[in-house]
Amino acid sequence: MTSIPLHHLLTLGALLFCIGFIGVLTRRNILILLMSIEVMLNAVNLTLLAFARYNGATEGQVLAFFIIAVAAAEAAVGLAMVLAMFRLKQDVHIDTMNLLKR
Amino acid sequence: MTTEQILFYILGGGAVAASAAMLLPPLGKSPIHSAISLIVSFFFLAGLYALLSAHLLGALQIIVYAGAVMVLFTFVIMLLNLRPDETQEPRITAGKVLAGVLAAFVVGKVVTVVGLASAGAKAVDLAQPGYENFGSTKEVGYMLYTSFLVPFELISVLLLVAAVGAVILAKKSLHYVDRPEPPPSVFDQEHAHEHMHTQSGTDHAGDTHAPHDANAHAASHH
């Protein structure tokens, strides 16, 4: 029996998600963008684990495990793309990624 | 207020503060400081996971996120060797203000709705029989290899594809077709070496003949 109220946990998850979302919307450095996505994924994990704890369901923890694996894969591919982009443009700002706009 | 609650507010506040420090100046100015504050945030989150009885996930959070993903991030940040002007961000714009207002609205909505919906939520008592191993490696691992076996295998395929894709994407050149001259292959190098060897062999043979010739010349001279 945990004494942490469920809505406090969910509010914390929403706060973290919004911090990550603001980062994705406002920052122009693609490395910071990727880090903000990691924060958002962690907020989702926290929410999943909160529900898993409240329902006594291990399935939520397994799902969080999968999310961690997907986040690792996403970081690896995303950083490889950052490297390729830096080699091409000598820059890491997403403002310079406008090939399809021209 | 119980110990659990006090720990929750400390860890949660730390996670939010570290995540916000990732984006806001002065730490948010340089990517490496952002990465370090994100690592701190991940440690706070690992503590929260452990507080929610997800011990395995808390350990994985530190091993995978703080240990693997963030090391990759810091490696790439140092590898790129960004010039100082590239780390500068523009000042506050209308878009940022709009994003902040929208985010505050969403958070307010979520807090009120979730507060109403989960007012009487009671957590399962983990002391009762059947929940002794909740969140342990044994229980999560058992579920991974039984009811979640197919997703588990698919995740392993995904990780393999991601590793191969990362290697391909991070290669020096993505287009071999445009390259005017292919690099010398292993076969060419081997062939050149062989050619050099036979040449030196004939030279050597010539050298052995040379004294004979010299002797012959000397004999004819006499």
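Karplus-derived 3J(HN,Hα) values for the stretch A:74-79, using 6.51 cos²θ - 1.76 cosθ + 1.60 with θ = phi - 60°, are 5, 5, 4, 5, x, 5 Hz; glycine and proline are entered as x. For B:V101 and B:K138, the FRET efficiency from 1/(1 + (r/R0)^6), where r spans their Cβ atoms and R0 equals 35 Å, is about 0.15. The distance separating the Cα centre of the stretch B:96-163 from that of the stretch A:19-42 comes to 20 Å. Sorted largest first, the principal axis extents computed over the alpha-carbon atoms of chain A equal 56, 24, 18 Å. Pairs exceeding 24 Å between alpha-carbon atoms, taken from A:K101/B:K96; A:K101/B:K109; A:K89/B:K171; A:K89/B:K29: A:K101/B:K109. Residues whose amide H comes within less than 5 Å of that of A:G56, counting only those at least five positions distant or on another chain, are B:V124 (H built at 1.01 Å from N in the peptide plane). Backbone phi angles across the stretch B:48-65, fed through the Karplus curve with coefficients 6.51, -1.76 and 1.60 (θ = phi - 60°), yield HN-Hα couplings of 5, 4, 5, 5, 8, 6, 9, 5, 4, 5, x, 5, 5, 4, 6, 5, 7, 6 Hz in residue order; Gly and Pro are listed as x. The C-alpha atoms of chain A define a longest principal axis, and helix A:30-55 lies at about 10 degrees to it.
Just need the Rg to Rh number for the stretch B:1-86, please, alpha carbons only, Kirkwood Rh.
Numbers: Rg = 14.7 Å, Rh = 13.8 Å.
Checking Rg against Rh, the ratio lands at 1.07.
Quick note: the coordinates plus some simple rules give every number you see, no bench work behind them. Please read all numbers here as calculations on a predicted model, not as lab measurements. For neighbour counting, all protein chains shown are included, and Cβ atoms are generated from backbone atoms with ideal geometry for every residue, glycine included.
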